[in-house]
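First the structure, in the form of structure tokens, and then the observations on it.
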Amino acid sequence: MIFFSKNKCSQHKHQRKKDKKEYKMITFGVLTVSDRCSAGTAEDKSGPALVKLLDAQQKFQCQVVQTSIVPDEKSTIEAVLKDWADTLHLDVVLTTGGTGFAPRDVTPEATKAILDIEAPGICIAMLKASLDVTPMAMLSRGVAGVRGKTLIINLPGSPKGALENAETALKGVPHAVALLKGETAKVEKVHNNLHCGCSHEKVETDPSKVAHRPRKSPYPMISVEAALDIILAEIGNLQQTTKLPISQALGYIAAADCTSLCDIPPYPASTKDGYAVLSEDGAGERKVVGDIVAGGVDQNQQLSHGECLRITTGAAVCGGADAVVQVEDTELLDSTLDGKVELKIKVLEAAIKGQDIRPKGSDLSRGEVVVQKGTKIGPAQIGALASAGLSQVTVYEQPSVAIFSTGDEILDVNVSAHSPFAIYDSNRPTLMALLVQHGFHVHDLGIAKDIPEQIADTLRKGFNVSDVVISSGGVSMGEKDFLKHILATEFQAQIHFGRINMKPGKPTTFATCSFGGRKKFVFALPGNPVSATVTCHLFALPALRALAGFDTKYRGEMSVQLAEDIKLDIRPEFCRAVVERVKVPSEHVPVAHLTGNQISSRLLSLQSGSVLLVLPAQTDERKILCKGSLVRALVIE
Ligand code: AMP
Ligand code: MG
């Protein structure tokens, strides 16, 4: 039975308003770092400008309780920061200056040295905003982080740069300070359900109460990169390992270094069919006193001067011989009448010591690593393991995955009855094939109708057989889009994200929950066939690969040039394209052609050998990418 909880959206808004008032007075220190200002040969403009900004801002109560100017001296900067954090217990310290590339710019180094933890998100936010103003922002090296309960943020030295960056950073400051002071029980509650770090209430709206549904998605829109980072962080070190016979290990990733149990060759071995000789004897006649074939050794036979042993390729060079002369470099002088035994030969060219002998262990020595941890086991690795005497190998287990489609209108193509309003299920066959193609074992859970109990039952079945469940459809804003709600209410799942800034695939949802004592991962993909396929490539496959021990997010990417102008979308877009298969000079970048209409319902935009063009969102300055522009393309086959 499924229980729907009340729509909390209006409460949510109200709660957020209240939060602002609840932030207590925030104390600031402003530290100017500059040799010249400190020496009095230049006027400090940035420090006072920051103080003015803080005094003027209305979003929270604050007070600048300390200002100071120090030279670009690492130890001095460190000392002031420590004092302000450890003794004065300031809530926030803004530094300005010393973040550039001049030899004496050491503010970031000094700050890093005294931080307990870094907060790179603040710098990314500042950088993102500044880059829109000037590309020179890329040269700023400022860091941000926390010492004790003090948030420290490096700002650039110029008044303009310092103010612009401060304005961005201040947006996150009250929340950060509240977290540091442990004042936000509500924030913890949020982290239980959403990964975004802002004050969203748990999303438990019942989509079937259509008039009450939120008209804006309550899920924050996150970037593709952030989504992938969240997924990989959730997977963490959950990979399982198992020992497999090498014959069954093809395609798995080695979970440990595999070291050889033996030397190859295990003895000095001849590389030629010929005669084992004493190199000192030089060219000339030799008495053939015996023979050695691969696999057998005459330990007792010792060569005297003028003697040799007949030898085959791979046989152990013994009898004191130190070189091999190939049969082509000899002449037969005498043999038994029946021709079965050679008695005497002539060495035509003097042998060099060691000639045509592979020393013991020269290919592989005992204890040497034959397959490194993290290597994908292919035919060559199976051979190397066998040669090293290893009949088993420890690998990462491959996760199995369960998959289902949702939708009242969705019909299995194998079921002949087709109503005028039915749509054949293309997502399940596509995604199953894609996953099988990548070596994963897939459980087919069929199609669930848009009935909450049926979706919950299907999820349960999936959790019983797999740690990863992939669904498609039912994650958008419609009254039949139950997935998120069921995950949250029925399985107490954490919805880590429910909206991604991308096209296609915006409503892609990722959740984890505990089921039967194990962590389960759910990829609730959008229903449109292209969206489901693209997001499976971008999120579900990397997750499965991470669980299987691969350490790369994408399988392959390349640089391509556009065959045509492309109008950019307001979201970053993954357009499907085919790369021209022409013989091109190596310095030439391959040309990519769009695969026709890019609407997310049109599966034919995915063609054999297509790539995903990674296109940026449009900006005021750039709305079109022109023909010939270079873009990244993800290889999806
Ligand atoms: P939904 O995300 O459930 O709202 O579905 C979005 C669109 O994708 C609708 O037009 C659905 O009919 C279509 N769709 C959903 N699931 C599938 C599927 N398994 N195969 C083909 N089309 C689908
Ligand atoms: Mg649907």
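The values are calculated or read from the model by the stated rules, or taken from the named source; none is laboratory data. Being a predicted model, the structure only gives us computed values, none of them experimental. No Cβ is skipped: glycine too gets one built from the backbone with ideal geometry, and neighbour counts run over all protein chains shown. Note: areas computed on protein heavy atoms with side chains; ligands, DNA, RNA excluded. Shrake-Rupley method; radii C 1.70, N 1.55, O 1.52, S 1.80 Å.
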Only one of 384, 422, 388, 402 that is within 25 Å of residue 450 (Cα to Cα) and either more than 16 Å from ligand 1 (Cβ to nearest atom) or surrounded by fewer than 18 Cβ atoms within 10 Å (Cβ to Cβ) (or both): 422
Subset of region 471-489 [open to solvent by less than 40 Å² (accessible area, probe 1.4 Å) and either under 17 Å from residue 209 (Cβ atoms) or away from ligand 2 (no atom under 15 Å from the Cβ) (or both)]: 474, 478, 481, 482, 483, 484, 485, 486, 487, 488, 489
From 125, 166, 144, residue being hydrophobic (A, V, I, L, M, F, W, C), out of contact with any strand residue (DSSP E or B) (no Cβ under 9 Å at 6 or more places or on another chain) and in the same structural domain as residue 90 (by TED's automatic domain parsing): 125
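With respect to residue 455, is the statement that it is open to solvent by less than 10 Å² (accessible area, probe 1.4 Å) and either basic (Lys, Arg) or in contact (Cβ under 8 Å) with a residue 12 or more places away in the chain (or both) true?
So residue 455 passes the test.
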Members of region 252-262 that are surrounded by 19 or more Cβ atoms within 10 Å (Cβ to Cβ) and of a type outside the set (A, V, I, L, M, F, W, C): 252, 260
Candidate set: region 480-529, residues that are more than 22 Å from residue 612 (Cα to Cα) and among the β-branched types (Val, Ile, Thr); chosen: the one nearest to ligand 1 (Cβ to nearest atom): 486
Selection count where residues are open to solvent by 10 Å² or more (accessible area, probe 1.4 Å) and assigned to a strand (DSSP E or B), scope region 521-560: 3
Residue within region 416-423 that is touching a residue at least 24 places away in the same chain (Cβ under 8 Å) and either away from ligand 2 (no atom under 13 Å from the Cβ) or farther than 28 Å from residue 570 by Cα (or both) present: no
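Results for (1) over 20 Å from the mean Cα position of the chain (by Cα); (2) in the same structural domain as residue 458 (by TED's automatic domain parsing); (3) more than 16 Å from ligand 2 (Cβ to nearest atom); (4) closer than 21 Å to residue 457 by Cα, shown as yes or no for each residue.
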site: 505; (1), (2), (3), (4): no, yes, no, no
site: 510; (1), (2), (3), (4): no, yes, yes, yes
site: 516; (1), (2), (3), (4): yes, yes, yes, yes
site: 522; (1), (2), (3), (4): no, yes, yes, yes
site: 527; (1), (2), (3), (4): yes, yes, no, yes
Strands (runs of 3 or more DSSP E) within region 381-456 that include 2 or more residues in contact with a Phe, Trp or Tyr (Cβ under 6 Å, 6 or more places away or on another chain): 441-448
Residues of region 269-317 classified as assigned to a loop (DSSP other than H, G, I, E, B) and either among the aliphatic types (A, V, I, L, M) or open to solvent by 40 Å² or more (accessible area, probe 1.4 Å) (or both), total: 21
Helices (runs of 4 or more DSSP H) completely within region 23-132 that count 1 or more residues being open to solvent by less than 50 Å² (accessible area, probe 1.4 Å) and under 22 Å from residue 170 (Cα atoms): 46-56, 74-82, 107-114
Which numbered condition residue 505 fails, given (1) open to solvent by less than 10 Å² (accessible area, probe 1.4 Å); (2) not in a loop (DSSP other than H, G, I, E, B); (3) not β-branched (Val, Ile, Thr): (2)
Cross-chain or 6+ apart pairs with Cβ under 6 Å, region 465-487 first and under 14 Å from residue 453 (Cβ atoms) and in a loop (DSSP other than H, G, I, E, B), then of a type in the set (D, E, K, R) and open to solvent by 10 Å² or more (accessible area, probe 1.4 Å): 474/481; 480/450
Odd one out for residue 431, checked against (1) buried (at least 19 other Cβ atoms within 10 Å of the Cβ); (2) more than 15 Å from residue 523 (Cα to Cα); (3) within 10 Å of ligand 1 (Cβ to nearest atom): (2)
Restricting region 367-380 to residues that are part of a strand (DSSP E or B) and among the β-branched types (Val, Ile, Thr), the residue that is nearest to ligand 2 (Cβ to nearest atom): 371
